[in-house]
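**Q** Can you read through this structure? Questions will come right after.
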Amino acid sequence: MTATDQPAATEDYQGGPIGDGRTALTDHQPEDIDALRAIVRDEVARGRAIYPRGGGTALDSGGIPRKPGVVVDTRSLGRLVDYPAADMTITAEAGMTLSALRVILAEQQQRLLIDAPHADRATLGGIYATNTCGSRRYGAGRPRDQIIGVSFVTSDGALVKGGGRVVKNVAGYDFPKLLTGSMGTLGVIVQLTLKVRPIPEASAIVWVPLANSADVAARLDGLNTSATRPIALDLLNAPAARAIGQGLGLPEGPAVLVIGFEDNADAVRWQVDRVRDELAAPEAAVVEGERASTLWDALNGFPADGPGSLGFTANIRPAAVAAFAAELDPSRWSVQAHAGNGIVRAFALGEWALDEAARAIEPLRRRAVHEGGNLILPRCPTDWKERLRVWGEPRADQFLAERVRAALDPHNAMNPGRFVVG
């Protein structure tokens, strides 16, 4: 039996999917945190792995599950715990969906500065476990910038709490940030305390088609000295622009800059006019109102809804984004780059063979590493994962992450095989 095979049955696999075609022995859906703790403790004592699951929007991300185990479904843990709106913080259980949280916050004209695809399914715990973010990251920050408290259950069934319900709490280890992006390998997130902000009065997106790819670097450089303060700055190639702008009647080009603004109405109007002047872009389209909401959803949903079964994410210096994106053939790749953050997402178009994919990915990864970053594959056929190395080049400090994981999960029971460590 290879490391990636699901073991032959001495037990029946009657549970739901855990990703990559693997199935759980059984599913658990605890109604409260104490029940979840008991399930984890009992199942680990039986030698089984624990596979946390929320809305199932990222089941196939990461490595391949490598141990028989059970699903712990957190969706019944979706209660509001505390919402002192005047303090602009909210505490909720991790099984609450992002759309449900938005409804609660909207009653107080507030919002969470995090975007995720399929908000009606994506749970808060899943968003933080996978470190999911969208186009607004440029101005709003990362998920780890919005979290101030977390509670999680370790493989021993212990409930661990980090941070607090006030922004200035600095006691203890920084578990909120440690759990962000941990892919469920440190514990099952059960509760989060998050910072929230007022809903802006106005929102607008400036859609700037570029006549040729050579314009991209100059336009992005020009935005570095802009008097405006965008909340989003994306670069799309032609296939991505067609898919994201579909049905909105937006102009096309070999490349498109997407610049988002949110503020009071006067500030948004001034910034829209100013950026069009600075970019000398009379051909730019301005998207406002409900059309802007539709376009925001398309931008933030593209990482999940993009084409094909193969996709990569590269993180590089923002100054290198234009050149990196220009190397990607638009007949083979659909590209959305968060240009201000140095994040390039690309999805393979058409039919690919494994050897062809390896020849394409490896030089791009070397380029990303040379730029001080890396290249990972959030989307990849299961039987390609080991050769294509979905977590990219190993980092020099990876041993530290392994030591943290071993301290919190000495049984190697939490989502084994999924993350870069363990």
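**Q** List the residue pairs whose Cβ atoms are under 6 Å apart, where the first residue sits in segment 18-44 and is closer than 20 Å to Gly95 by Cα and outside any loop (DSSP other than H, G, I, E, B), the second is of a type in the set (Gly, Ala, Ser) and at pLDDT below 95, and the two are 6 or more positions apart or on different chains.
**A** Asp27/Gly15; Asp27/Gly16
**Q** Separate question: Being within 14 Å of Val321 (Cα to Cα), touching a strand residue (DSSP E or B) at 6+ places or on another chain (Cβ under 9 Å) and among the polar types (S, T, N, Q) is the filter here, so list the residues in segment 197-254 that pass it.
**A** Listed by number, the residues that qualify are Ser213, Asn237.
**Q** Just the residues that are in contact (Cβ under 8 Å) with a residue 60 or more places away in the chain and surrounded by 18 or more Cβ atoms within 10 Å (Cβ to Cβ), please, taken from segment 96-109.
**A** Leu105
**Q** Can you list residue pairs whose Cβ atoms sit under 8 Å apart, with the first residue in segment 356-378 being free of Cβ contacts under 8 Å to residues at least 40 places away in the same chain and the second being of a type in the set (D, E, K, R) and outside any helix (DSSP H, G or I)? Count only pairs 6 or more apart in sequence or on different chains.
**A** Ala360/Arg332; Val369/Glu393
**Q** Hey, another quick one. For Pro84, only one of the following conditions fails: (1) modelled with pLDDT of 95 or more; (2) farther than 21 Å from Thr193 by Cα; (3) out of contact with any Leu (no Cβ under 7 Å at 6 or more places or on another chain). What is its number?
**A** The number of the failed condition is (2).
**Q** Of the residues Val369, Val344, only one is of a type in the set (Val, Ile, Thr), at pLDDT 95 or above, surrounded by fewer than 18 Cβ atoms within 10 Å (Cβ to Cβ) and closer than 24 Å to Cys133 by Cα; which?
**A** It is Val369.
**Q** Select from segment 73-91 the residues that are of a type in the set (A, V, I, L, M) and surrounded by fewer than 24 Cβ atoms within 10 Å (Cβ to Cβ) and write down the one among them that is farthest from Arg418 (Cα to Cα).
**A** Ala86
The values are calculated or read from the model by the stated rules, or taken from the named source; none is laboratory data. Computed from a prediction, not measured in an experiment: that's the story for all the values here. In this analysis, Cβ positions are derived from the backbone assuming ideal geometry, glycine residues included, and neighbour counts consider all displayed protein chains.
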